[in-house]
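Data first, discussion second: the structure below is written as structure tokens.
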Amino acid sequence: MRRDIFQAIADPTRRAIIALIALQALTPNAIAENFDTTRQAVSKHLRILTECELVKQEQQGREIYYSLEVEKMKEIDAWLEQYRKIWETRFNQLDNLLSTLKKETNE
């Protein structure tokens with residue numbers, strides 16, 4: 001079953017895992033050390049992130065390392081960009097309004 005990436009990043013633990021592996025590839029045990037939860041719970045989160053293609057696995061010897069799938073993160077960024085433009089426009093309008101009000105009160 002392919003999961004929705006936005007459903008996957010809605011979970012705060014999975015967002016924290018993404019933040020960890022954005023810096024460097026880590027093993028499940030190394031990831032689990034950063035959380036007050038079981039190794040099995042972290043493995044479940046990693047499975048969901050892998051199913052969404054937000055992280056990728058790489059076998060190195062006997063260890064599996066998880067790293068961030070940058071291209072998939074770009075998809076999230078592209079989706080957010082449309083809203084970022086709306087927010088920036090509204091903030092600019094608010095700044096202009098506040099500047100106008102400030103000028104009027106100083107006159």
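The values are calculated or read from the model by the stated rules, or taken from the named source; none is laboratory data. What you see is a predicted model; the values in this text were computed from it and never measured. Methodologically, a virtual Cβ is constructed for each residue, glycine included, from the backbone with ideal geometry; neighbour enumeration extends over all protein chains shown.
Only one of Arg15, Arg39 is in contact with a Pro (Cβ under 7 Å, 6 or more places away or on another chain) and not hydroxyl-bearing (Ser, Thr, Tyr); which?
Sole residue among the options that is in contact with a Pro (Cβ under 7 Å, 6 or more places away or on another chain) and not hydroxyl-bearing (Ser, Thr, Tyr): Arg39.
Out of all the residues in the range 30-65, which are of a type in the set (Lys, Arg) and over 17 Å from Ala10 (Cβ atoms)?
Arg39, Lys56, Arg62
Yes or no, residue by residue, for (1) within 16 Å of Ile5 (Cβ to Cβ); (2) under 17 Å from the mean Cα position of the chain (by Cα); (3) at pLDDT 90 or above:
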| position | (1), (2), (3) |
| --- | --- |
| Leu68 | yes, yes, yes |
| Glu71 | yes, yes, no |
| Lys74 | yes, yes, no |
| Ala78 | yes, yes, no |
| Lys85 | no, no, no |
| Leu94 | no, no, yes |
| Leu98 | no, no, yes |
| Leu101 | no, no, no |
| Asn106 | no, no, no |
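I'm told Ile64 meets every condition in (1) modelled with pLDDT of 90 or more; (2) of a type in the set (A, V, I, L, M); (3) under 23 Å from Ile5 (Cα atoms); (4) outside the structural domain of Leu20 (by TED's automatic domain parsing) except one. Can you identify the failing condition by its number?
(4)
Find the residue count for the range 1-14, including only residues that are loosely packed, with under 13 Cβ neighbours inside 10 Å and at pLDDT 95 or above. Give the derivation first.
Taking the range 1-14 first, the residues loosely packed, with under 13 Cβ neighbours inside 10 Å are 1-2, 4, 6-7, 10, 12.
Those left that are additionally at pLDDT 95 or above: 12.
Residues that pass the stated criteria total 1.
If we keep just the residues of the range 51-107 that are aromatic (Phe, Trp, Tyr) and within 23 Å of Ala32 (Cβ to Cβ), which is surrounded by the fewest Cβ atoms within 10 Å (Cβ to Cβ)?
Tyr65
What helices (runs of 4 or more DSSP H) completely inside the range 1-48 contain at least 2 residues that are of a type in the set (Lys, Arg) and assigned by TED's automatic domain parsing to the domain that holds Ile64?
Where helices (runs of 4 or more DSSP H) fall fully within the range 1-48 and carry at least 2 residues being of a type in the set (Lys, Arg) and assigned by TED's automatic domain parsing to the domain that holds Ile64, they are 12-23.
Can you give me the number of residues within the range 15-38 that are within 16 Å of the chain's Cα centre (by Cα), surrounded by fewer than 15 Cβ atoms within 10 Å (Cβ to Cβ) and closer than 17 Å to Glu63 by Cβ?
Result for the range 15-38: 1.
Scan Lys56, Lys102 and give me the residue that is in a helix (DSSP H, G or I) and either among the β-branched types (Val, Ile, Thr) or out of contact with any His (no Cβ under 6 Å at 6 or more places or on another chain) (or both).
Of Lys56, Lys102, the one residue that is in a helix (DSSP H, G or I) and either among the β-branched types (Val, Ile, Thr) or out of contact with any His (no Cβ under 6 Å at 6 or more places or on another chain) (or both) is Lys102.
Among the residues of the range 57-71, what is the count of those that are in contact (Cβ under 8 Å) with a residue 24 or more places away in the chain and not β-branched (Val, Ile, Thr)? Give the derivation first.
Step one: list which residues in the range 57-71 are in contact (Cβ under 8 Å) with a residue 24 or more places away in the chain, which gives 58, 63-68.
With not β-branched (Val, Ile, Thr) added as a condition, the list becomes 58, 63, 65-68.
Of the residues in that region, 6 qualify.
Taking the criterion of being of a type in the set (Val, Ile, Thr), touching a residue at least 60 places away in the same chain (Cβ under 8 Å) and not in a loop (DSSP other than H, G, I, E, B), would at least one residue in the range 72-82 satisfy it?
Scanning the range 72-82, I find at least one residue that is of a type in the set (Val, Ile, Thr), touching a residue at least 60 places away in the same chain (Cβ under 8 Å) and not in a loop (DSSP other than H, G, I, E, B), so the answer is yes.
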